[in-house]
Amino acid sequence: MNFSFSNSTRIEFGQGRIAKLASLIDADQKVLVVYGGGSIKKNGVYDQIKDALKDHSWLEFSGVEANPTVETLDKAVELARKEKVDYILAVGGGSVIDGCKYIAAATLYDGDGWDILTRKYTVARALPLGVVLTLPATGSESNGGSVVTKAATKEKLSFGSPLVLPRVAVLDPDVIKSLPERQVANGVVDAFVHICEQYLSHNSDAWVQDGYAEALLRNLVRLAEEFPQRDNDVWRNNLMWTANQALNGLIGAGVAQDWATHMIGHEITALYGVDHARTLAIVQPSLLRVQIADKRAKLEQMGRNVFNLPQDDNLAETTIEAIERLYSSLEIPIRLSHAGIEGDTAVPALVDALEKHGMTALGENRAITLDVSREILQRAA
Ligand code: NZQ
Ligand code: ZN
């Protein structure tokens, strides 16, 4: 096992922690507060930010959409340059946070910001970034990844850089009280799949990473079981911390990672606008079935240690069925047709998009070629 691991994001976790921004951001920094469609104006988060930053110089940019578009984000870049801001504060879920990572990097880049997503430009500088998380799901609040969409071409691409790792992330579980049920369920599923992408590969004999991944997966199974009674602090605390830990780099250190479900899922969102987590629940079970030979040992381990299933010859398959039941219990679609997508037309379009984006050898063994992706999508129809 070989790895470098560092995660320098300072986490402030707990009720009332937004007030700490007053001291966490240097008083001489001019702050651009960035948020989405306005949920923070209704649930009191905006007022808490306003209070916390009362001694700072700050301005705001709103309207970052779910699955943030470069078209919108470039307006924020223009504002950040014109106003010479020093610090970006993202207030939102994965979309706003990812959007702010792009803004932080693109503001200090002279070329076309989309070059960051096409990897024509490797991020060399970025403004410092802080986060107030409002939706536990992506782990974006303490990782260096970002996913941005170009609406004009319906492309959804990702980039990663340690330079856009948030300096500080405030995780106040109270802020999720206002989330619609659909977004909470999405959060449980997205976090679950993040862990699977790092755990359901071949065995790396990594006891720390495997054991912690299994603890997080068991948490999510329990959170799903208790979903109908979720209106309490314990449930909210544990969802917020579990989703964060699922993708902060620790369980992925030194182990074989997959991420094919995510890459195929991004194309479904780009072409059909399906919520990120829902694309994962559609792709993953069929991907696991197509790749069952390579993943059998880990699927069996997950079946035993996460779902408490008995060892038998079908354990890998019954584990996949347990995953599907988990998603269905949260009313998350697990087939393209459940999301209103017609497989006959969608599968060729999605395979073309994967080809265009160079997604021709996905998965931990780079064995998911376009033909394999086609089979996965056909089985997911
Ligand atoms: O825009 P507002 O009005 O705030 O409404 C948002 C949005 O409509 C709403 N919302 C957020 N917090 C709320 C709230 N509504 C009420 N109360 C609150 N406290 O929720 C809606 C969805 O928000 P969004 O940020 O889009 O959701 P999520 O956190 O699931 O982020 C999804 C995005 O993250 C990317 C996805 O691809 C997608 O673009 N991902 C980022 C990753 C990363 N950076 O590490 C990893 C993930 O795999 C994922 O790909
Ligand atoms: Zn995800």
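What follows is calculated from the coordinates using simple rules that are stated; it is not laboratory data. The structure displayed is predicted, hence computed values, not measured ones. Positions of Cβ are backbone-derived with ideal geometry, glycine not excepted, and every protein chain shown enters the neighbour counts.
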Practice task
Treating only the Cβ atoms of Lys and Arg (+1) and Asp and Glu (-1) as charged, compute the dipole magnitude of segment 13-138 about its Cα centre; round to the nearest 20 debye.
Solution key: 220 debye
Exercise for the section: For segment 35-108, state which trypsin sites (Lys or Arg not before Pro) are in a DSSP loop and have at most 16 other beta carbons lying within 10 Å of their beta carbon. Expected result: K54, K84
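Looking at the chain, which longest stretch skips every one of the chymotrypsin sites (Phe, Trp or Tyr not before Pro) that is in a DSSP loop with at most 13 other Cβ atoms within 10 Å, leaving the sites themselves out?
Here the longest segment lacking exposed loop sites spans 6-381.
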Completion exercise
Over the Cα atoms of segment 222-294 the radius of gyration and the largest Cα-Cα distance (Dmax), both in Å, equal 15.2, 41
Practice task
Give, in nm to one decimal, the length gained when the segment between T122 and L108 is fully stretched (0.36 nm per residue of separation minus the Cα-Cα distance).
Solution key: 3.8 nm
Completion exercise
Total charge of the residues flanking A224 in space, meaning their Cβ is under 12 Å from its Cβ, with Lys and Arg +1 and Asp and Glu -1, is +1
Completion exercise
the chain, Gaussian network, Cα under 10 Å: of L163, L135, L89, the residue fluctuating most is L163
Handout entry: Computed over segment 20-165, the ratio Rg/Rh where both radii use C-alpha atoms and Rh is Kirkwood
Key = 0.94
Fill in the blank from the handout: Over all Cα pairs of the chain, the Kirkwood radius sets Rh, and Rg/Rh then becomes 0.96
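Considering the convex hull of the alpha carbon atoms of segment 131-250, report its projected area averaged over all viewing directions, in nm², one decimal. Could the numbers behind the result be given before it?
Working: hull surface 35.4 nm².
Convex hull of Cα atoms, orientation-averaged projection: 8.9 nm².
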Problem - Normalised per residue, the volume of the convex hull around the Cα set of segment 1-65 (Å³) - result: 145 Å³
Fill in the blank from the handout: The alpha-carbon center of segment 149-201 and that of segment 245-292 are separated, in whole Å, by 12 Å
Problem - Net charge, G252 excluded, C-beta distance under 12 Å - Lys, Arg +1, Asp, Glu -1 - result: -4
Problem - Taking all pairs of distinct alpha-carbon atoms in segment 26-97, Kirkwood radius in angstrom - result: 12.5 Å
Handout entry: GluC sites (Glu not before Pro) within segment 317-376, DSSP loop, no more than 12 other Cβ atoms inside 10 Å
Key = E331, E342
Problem - Net charge, S140 excluded, C-beta distance under 11 Å - Lys, Arg +1, Asp, Glu -1 - result: -2
Completion exercise
Restricting to Cα pairs under 8 Å and 6 or more apart, the percent relative contact order of the chain works out to 15 percent
Practice task
Normalising by the residue count of segment 78-182, find the relative contact order in percent from Cα pairs under 8 Å and 6+ residues apart.
Solution key: 30 percent
Exercise for the section: Given a cut-off of 24 Å, name the pairs among K120/K295; K82/K156; K120/K156; K30/K154; K20/K50; K30/K150 whose C-alpha atoms lie farther apart than that in the structure shown. Expected result: K120/K295; K82/K156; K30/K154; K30/K150
